[in-house]
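The values are calculated or read from the model by the stated rules, or taken from the named source; none is laboratory data. Fair warning: this is a prediction, and the values are worked out from it, not measured in the lab. Cβ atoms come from the backbone with ideal geometry, glycine included; neighbour counts cover every protein chain shown.
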Amino acid sequence: MTNPTYADVERALLARWPETKLEPSLERIRALCRLMGDPQNAYPVIQLTGTNGKSSTARMIDALLRELAVRTGRFTSPHLVSMTERVSIDGQPLSEELFVEAYADVAAYAQVVDDSQPVPLSYFEMMVGLAYAAFADAPVDVAVVEVGMGGAWDATNVVDAKVAVLTPIDVDHTRYLGETPGEIAVEKAGIIKAGAQVVTAVQPEDAAAEIAARASAVGATVHREGIDFGVIARTPAMGGQLLTLQGLGATYDEVFLPLFGAHQAHNAAYALAAVEAFTGGRELDAEIVRAAFAAVTSPGRLEVVRRSPTIVLDAAHNPAGARATAGALQEAFAFTPLIGVVGVMADKDVDEILLAFEPVMAEIVCTQNATDRAMPAHELADVAEGIFGNDRVHVARSLPDALEKAVALSESERYGEGVGSGGVLVTGSVVTAGEARALLAREEPVD
């Protein structure tokens, strides 16, 4: 590809196996990294896995490290709008120009791997190789790496992470990971390496046992939420919440976090413990901790993108995420009414997702995103009618039409004195939230 553009690179990556088509193996990514000189070994790594909260926690870890004057690389997935969001250096996504350069550096090596393996490198494996090479080239002082799925055989897991973070484990991706939290934890605990520091959320009993067993087997040290660190107190505040956090080295009070919900407070606790563990378990400067958390953003996680009426985006895409989002909405907002715009993937537990949202949504507009995996809007509506009732369910196949319908419903006179305080929540999938963000959020590209 001669002088490729960002669009050329995007097409080339999307032509590879998608993230949803897996051939569990580290052979291809190991081969790619070897050809590139194993860039993933050029810096220490904090690696994260879990069912929900990984991206937000990764962003918080990144913010804390940067406040400590550490140069960071961050790899997260999936993206909301642009592939470039997945690879950040010092908190900023790669520009399209740098992304193209990074791809060009990897592409020739990738062709060698493709020609030598029975299965070619996937889109996700290419992104991992691109990120690890970009971090080494920067260079960064530490990489914060979120797994794509599972842990043990996830393409990111060619690193030897100094700190392993396990956010809450719930049932998701059962086709690949298992049917119970314990089975899923076996895969996720695969990121725990010899001598590592492990930061783990409160987990289901069977998951906690698997994490403890893996840590014991490789000589890793486990720091457990609720015992070694945690959230001591939190108070909802304008634009977020005020926290008191127990870290591994000290207690930190008056920590303002500009994100909503109890789940984000717990994510902050994981991030704090991870950075303390990375720096040797010592106490951090409280003012640095406060400054870092006050600057945290997490796009697509209860993100307000428009006012009058208020439109909120959330990437919840499984039952646990939906329950956390519903709880946070009730705590942080007082919408009368709240109208849901929901578009889900067909392979998700749709009934449980809708059951989580039913108590907080006055009405729901069923839609679909632009991917082949999306559940058709009319099929989603059929499921929703059994949970919400026919009179509360609407269908709009295109997302722009669904948003227009939801805004009209939120301002409907049928809600009497509540008119003017209605809101819209767009949720059900990272892709749905991302497409809505592209439609509604007008941000300058970060270079």
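May I ask you to verify whether S122 is hydroxyl-bearing (S, T, Y) and within 21 Å of the chain's Cα centre (by Cα)? Answer is yes for this residue. Mind checking whether some residue in region 78-86 is closer than 30 Å to A316 by Cα and acidic (D, E)? Yes, region 78-86 has at least one match. Apart from one condition, Q241 fits all of (1) touching an Asp or Glu at 6+ places or on another chain (Cβ under 9 Å); (2) modelled with pLDDT of 95 or more; (3) surrounded by fewer than 21 Cβ atoms within 10 Å (Cβ to Cβ); the exception is (3). Looking across R392, R373, R397, one residue alone is in contact (Cβ under 8 Å) with a residue 40 or more places away in the chain and either basic (K, R) or touching a Cys at 6+ places or on another chain (Cβ under 8 Å) (or both). It is R373. State whether the residues of region 174-185 include one that is in a strand (DSSP E or B) and in the same structural domain as T156 (by TED's automatic domain parsing). No, that holds for no residue. Applying the condition of being touching a residue at least 40 places away in the same chain (Cβ under 8 Å) and in contact with a Ser or Thr (Cβ under 8 Å, 6 or more places away or on another chain) to region 91-108 and asking which residue is nearest to V289 (Cα to Cα) yields P93. Could you tell me whether region 71-81 includes any residue that is modelled with pLDDT of 95 or more, in a loop (DSSP other than H, G, I, E, B) and either touching a Ser or Thr at 6+ places or on another chain (Cβ under 9 Å) or not assigned by TED's automatic domain parsing to the domain that holds A322 (or both)? Yes, region 71-81 has at least one match. Between D347, D372, the distinction of being more than 28 Å from I61 (Cα to Cα), touching a Ser or Thr at 6+ places or on another chain (Cβ under 9 Å) and not in a helix (DSSP H, G or I) belongs to D347 only. Scanning region 315-325 finds no residues that are touching a residue at least 40 places away in the same chain (Cβ under 8 Å), surrounded by fewer than 22 Cβ atoms within 10 Å (Cβ to Cβ), outside the structural domain of P236 (by TED's automatic domain parsing) and β-branched (V, I, T).
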